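The values are calculated or read from the model by the stated rules, or taken from the named source; none is laboratory data. Since we're looking at a predicted model, the values are computed, not measured. Please note: Cβ atoms are built from the backbone with ideal geometry, for glycine as well, and neighbour counts cover all protein chains shown. All accessible areas refer to the heavy atoms of the entire protein, side chains included, with ligands and DNA or RNA removed. Shrake-Rupley method; radii C 1.70, N 1.55, O 1.52, S 1.80 Å.
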Amino acid sequence: MSEKDQTASPTIESILNENRMFHPSAEFAAQAHVGSLEELERWRARGEADPEGFWAEMAQQLHWFKPWTKVLDWQPPHAKWFVGGTTNISYNCLDRHLTSWRRNKAALLWEGEPGDSRTLTYQQLHREVCRFANVLKKFNVKKGDRVALYMPMVPELAIAMLACARIGATHSIIFGGFSADALKDRINDAGCKMVVTADGCWRRGTEVKLKPAVDDALLHTPTIENCIVFQRTGTKVHMEVGRDHWWHEMMATVNADCPAEELDSEHPLFILYTSGTTGKPKGILHTTGGYLTQVALTTKWVFDLKEEDVYWCTADIGWITGHSYVVYGPLANGATVLMYEGAPNFPEPDRFWKIIDDYRVTIFYTAPTAIRAFIKWGEQWPLRHQLSSLRLLGTVGEPINPEAWMWYHKIIGKGRCPIVDTWWQTETGAIMITPLPGATPTKPGTATRPLPGIQIEIQTKDGHPVGANQGGYLVIKRPWPSMLRTIWGDDERYRQQYWSEIPGVYFAGDGARRDEDGYHWIMGRVDDVINVSGHRLGTAEIESALVSHETVAEAAVVGRPDDLKGQAVVAFVTLEGGRTGNDELKQKLREHVAKEIGSLAKPDDIRFADMLPKTRSGKIMRRLLREIAASGVVAGDVTTLEDFSVLEKLRTDEE
Ligand code: PRX
């Protein structure tokens with residue numbers, strides 16, 4: 001069931017033909033960090049000729065306690081960057097800014113969904129981080145220990161991350177939308193010693209509780225010693241005596257004196273779980289010095305970040321985008337970061353636009369799925385607001401369809417703001433393919449070209465480069481500073497998953513083509529990973545969840561195109577012992593998946609079948625299922641059965 005699709009096409013057809021091109025305005029270019037194509041080409045040539053020299057120059061802009069002795073130690077597929085150097089990302093994000101006027105600059109501007117707000121200057125943030133680091137120490141959390149963070153979008157999540165990083169504890173953030181089961185599995189996989197959570201948070205005007213899920217998870221997590229609970233909503237929660245402690249009570253017991261630990265450049269900074277092609281989520285491990293270098297550089301160059309900017313990335317910190325571009329990248333640059341707790345359409349669909357006007361946001365980074373929702377809600381909502389402070393827009397998470405790009409450009413950017421379409425992954429840690437807004441002419445729908453110092457190619461399955469406009473597999477040919485170092489606890493899987501499919505290179509899981517201008521058009525995942533509203537889900541993971549239900553014998557999950565979400569989850573299910581499916585069971589199975597993984601993985605469609613189409617060797621023919629799911633050929637349960645038998649017969653000779 002979790003085997004990879006052997007029937008996938010080796011090349012990928014691309015039907016998109018987009019010729020519009022947008023050049024950076026002279027005005028934008030004149031003030032940009034990288035202000036012309038010539039300058040970008042010079043950097044690119046430098047990155048090509050001497051990638052290690054290029055990255056070393058970038059790393060030098062950060063604070064190192066001790067300089068490195070070697071830029072890169074590459075024992076494929078394992079890289080060590082800035083070998084022998086010591087640094088601390090919390091120091092780089094905070095202490096470094098306290099020696100100048102920046103100490104009184106707003107680091108975080110936070111708005112809660114009900115409309116409450118808080119501002120933390122760099123000095124105040126530093127103080128909170130030092131205090132929470134002392135709370136961690138008080139509970140015996142030490143360098144190298146893992147701490148799970150299961151929190152809403154409140155400043156305390158950033159504070160907890162920076163506190164872990166400060167003392168060298170490795171954080172593992174689990175998105176608040178994951179279920180108790182998913183939380184438990186992730187805590188156990190990383191062997192976390194502590195969990196930090198909140199009572200709840202606000203979403204679309206109602207309270208979403210977090211603590212009960214933690215209570216359930218902690219029934220089966222032997223390594224957890226203590227749980228710190230931040231009070232956000234004030235709802236009544238169970239506090240287990242001896243294990244659970246209120247954040248505010250613990251913070252009152254410590255002082256703010258906590259120097260940042262001097263950490264090796266390769267010290268594990270965080271684990272972040274992401275979906276792959278097999279059932280179990282992968283704990284992607286990122287380390288310190290290289291990650292810091294690439295997130296700091298990309299935040300500065302790609303978002304053209306300046307001292308005066310108000311920068312807003314709408315991602316939840318529970319995803320990699322939030323790690324790199326809400327917290328570490330912007331704070332390392334001394335930026336003012338806006339954070340918002342709640343939904344984009346509460347109390348009305350113009351909440352984001354209101355926030356942009358209220359805080360005079362200058363840089364706005366969001367996901368195509370959000371943009372498609374804004375389009376659906378109607379342009380009357382953004383048109384109620386001026387949006388005159390905006391100067392740069394960004395997107396991430398999935399391919400943006402050119403029409404959505406144009407809408408973003410016209411309605412939000414008023415034709416004035418460059419758009420940076422940034423391609424990267426949990427595994428890459430930082431942006432890899434992107435325009436630089438003062439230099440790169442953009443075309444709607446393409447992330448354009450790799451950053452200087454990054455070497456990307458489109459290849460065939462056996463490792464040969466393909467020609468212009470031919471679809472192929474997106475690979476990365478050289479190690480990069482913010483790359484994942486391994487899969488936590490499973491180095492063999494790391495080798496297998498990323499470095500063995502196509503010989504000698506990192507295979508990203510995406511199909512792409514490069515056009516005659518060298519621009520990269522991402523065509524989506526070619527593996528069994530689907531992208532629902534910018535959230536990455538492994539089909540195998542959802543299949544395992546379905547099969548764990550007592551009525552299910554076998555399940556195959558595929559994605560189907562969805563106007564709003566990018567992809568929707570379609571599950572084909574066979575039932576135990578000749579049972580027949582009905583709407584009630586469909587509902588039960590959807591709830592079951594929500595319980596096992598989280599609501600985000602709930603199938604949009606469940607179709608019952610007597611059998612699934614398979615090759616003679618027993619592999620489910622997903623390509624076929626994808627076609628059926630997309631074209632809607634299969635309307636009901638009975639026809640499903642018939643179609644499958646016919647299709648199966650048709651395909652048996654094809655192996
Ligand atoms: O398929 C690509 C898509 O999102 C995948 C990575 O997902 P995740 O690890 O969750 O990280 C998302 C945020 C960095 C990629 O393999 N993807 C991401 N950005 C883009 C994209 N597809 C097209 N264009 C993008 N700009």
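Can you pull out the residues in the stretch 375-424 that are polar (S, T, N, Q) and within 16 Å of the ligand (Cβ to nearest atom)?
Thr395, Asn401, Thr422
Of the residues Arg449, Arg478, which single one is at pLDDT 95 or above, open to solvent by 10 Å² or more (accessible area, probe 1.4 Å) and touching a Ser or Thr at 6+ places or on another chain (Cβ under 9 Å)?
None of the other options fit; the residue is Arg449.
Looking only at residues that are more than 26 Å from the chain's Cα centre (by Cα) and open to solvent by less than 10 Å² (accessible area, probe 1.4 Å) in the stretch 61-97, which one is nearest to Glu262 (Cα to Cα)?
So, considering only residues that are more than 26 Å from the chain's Cα centre (by Cα) and open to solvent by less than 10 Å² (accessible area, probe 1.4 Å), the one nearest to Glu262 (Cα to Cα) is Gly85.
Please name all residue pairs, on different chains or six or more residues apart, with Cβ atoms under 6 Å, provided the first residue is in the stretch 114-125 and is of a type in the set (Val, Ile, Thr) and the second residue is surrounded by 16 or more Cβ atoms within 10 Å (Cβ to Cβ).
Sorted first by the residue in the stretch 114-125, then by its partner, the pairs are Thr119/Ala106; Thr119/Leu109; Thr121/Ala106.
Table: residues versus (1) within 13 Å of the ligand (Cβ to nearest atom); (2) basic (Lys, Arg); (3) touching a residue at least 60 places away in the same chain (Cβ under 8 Å).
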{"site": "Ala508", "(1), (2), (3)": "yes, no, yes"}
{"site": "Gly511", "(1), (2), (3)": "yes, no, yes"}
{"site": "Val532", "(1), (2), (3)": "yes, no, yes"}
{"site": "Ser544", "(1), (2), (3)": "no, no, yes"}
{"site": "Leu564", "(1), (2), (3)": "no, no, yes"}
{"site": "Val570", "(1), (2), (3)": "no, no, no"}
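Of the residues that make up the stretch 420-434, is at least one of a type in the set (A, V, I, L, M, F, W, C), without any contact (Cβ under 8 Å) to a residue 60 or more places away in the chain, open to solvent by less than 20 Å² (accessible area, probe 1.4 Å) and not assigned by TED's automatic domain parsing to the domain that holds Val326?
Within the stretch 420-434, one or more residues are of a type in the set (A, V, I, L, M, F, W, C), without any contact (Cβ under 8 Å) to a residue 60 or more places away in the chain, open to solvent by less than 20 Å² (accessible area, probe 1.4 Å) and not assigned by TED's automatic domain parsing to the domain that holds Val326.
So, in the stretch 277-334, of the ones that are within 14 Å of the ligand (Cβ to nearest atom) and among the polar types (S, T, N, Q), which residue ends up most open to solvent (accessible area, probe 1.4 Å)?
It comes out as Thr314.
One line per residue, one yes/no per condition, for (1) at pLDDT below 95; (2) near the ligand (Cβ under 9 Å from one of its atoms):
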site: Gln497; (1), (2): yes, no
site: Glu501; (1), (2): yes, no
site: Arg514; (1), (2): no, no
site: Arg525; (1), (2): yes, yes
site: Thr539; (1), (2): yes, no
site: Ser548; (1), (2): yes, no
site: Ala553; (1), (2): yes, no
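Answer with yes or no whether Val214 is in contact (Cβ under 8 Å) with a residue 24 or more places away in the chain and surrounded by fewer than 24 Cβ atoms within 10 Å (Cβ to Cβ).
Considered against the rule, which asks whether it is in contact (Cβ under 8 Å) with a residue 24 or more places away in the chain and surrounded by fewer than 24 Cβ atoms within 10 Å (Cβ to Cβ), Val214 comes out as no.
From the set of residues in the stretch 107-140 that are in contact with a Cys (Cβ under 8 Å, 6 or more places away or on another chain) and closer than 17 Å to Ile224 by Cα, which is surrounded by the fewest Cβ atoms within 10 Å (Cβ to Cβ)?
Lys137
Test each condition in (1) open to solvent by less than 70 Å² (accessible area, probe 1.4 Å); (2) not assigned by TED's automatic domain parsing to the domain that holds Met153 for Arg46 and report the one that comes out false.
Of (1) open to solvent by less than 70 Å² (accessible area, probe 1.4 Å); (2) not assigned by TED's automatic domain parsing to the domain that holds Met153, only one is false for Arg46: (1).
Going by the structure shown, is Gly200 out of contact with any Cys (no Cβ under 7 Å at 6 or more places or on another chain) and either surrounded by fewer than 19 Cβ atoms within 10 Å (Cβ to Cβ) or modelled with pLDDT under 95 (or both)?
Taking the combined requirement at face value, the residue does not satisfy it.
Restricting attention to the stretch 173-188, does a residue exist that is polar (S, T, N, Q), in a loop (DSSP other than H, G, I, E, B) and open to solvent by less than 20 Å² (accessible area, probe 1.4 Å)?
Yes: one or more hits.
Find the strands (runs of 3 or more DSSP E) located wholly in the stretch 203-279 whose residues include 3 or more that are modelled with pLDDT of 95 or more and farther than 30 Å from Thr539 by Cβ, and list them.
Answer list for the stretch 203-279: 226-230, 244-246.
Regarding Tyr473, is this residue within 14 Å of the ligand (Cβ to nearest atom), on the phi < 0 side of the Ramachandran plot and part of a helix (DSSP H, G or I)?
The answer is no for Tyr473.
Can you find a residue that is in contact with a helix residue (DSSP H, G or I) (Cβ under 6 Å, 6 or more places away or on another chain) and modelled with pLDDT under 95 anywhere in the stretch 15-30?
Yes, the conditions are met somewhere in the stretch 15-30.
Could you grab me the full set of residues in the stretch 117-137 that are among the small types (Gly, Ala, Ser) and in a helix (DSSP H, G or I)?
Ala133
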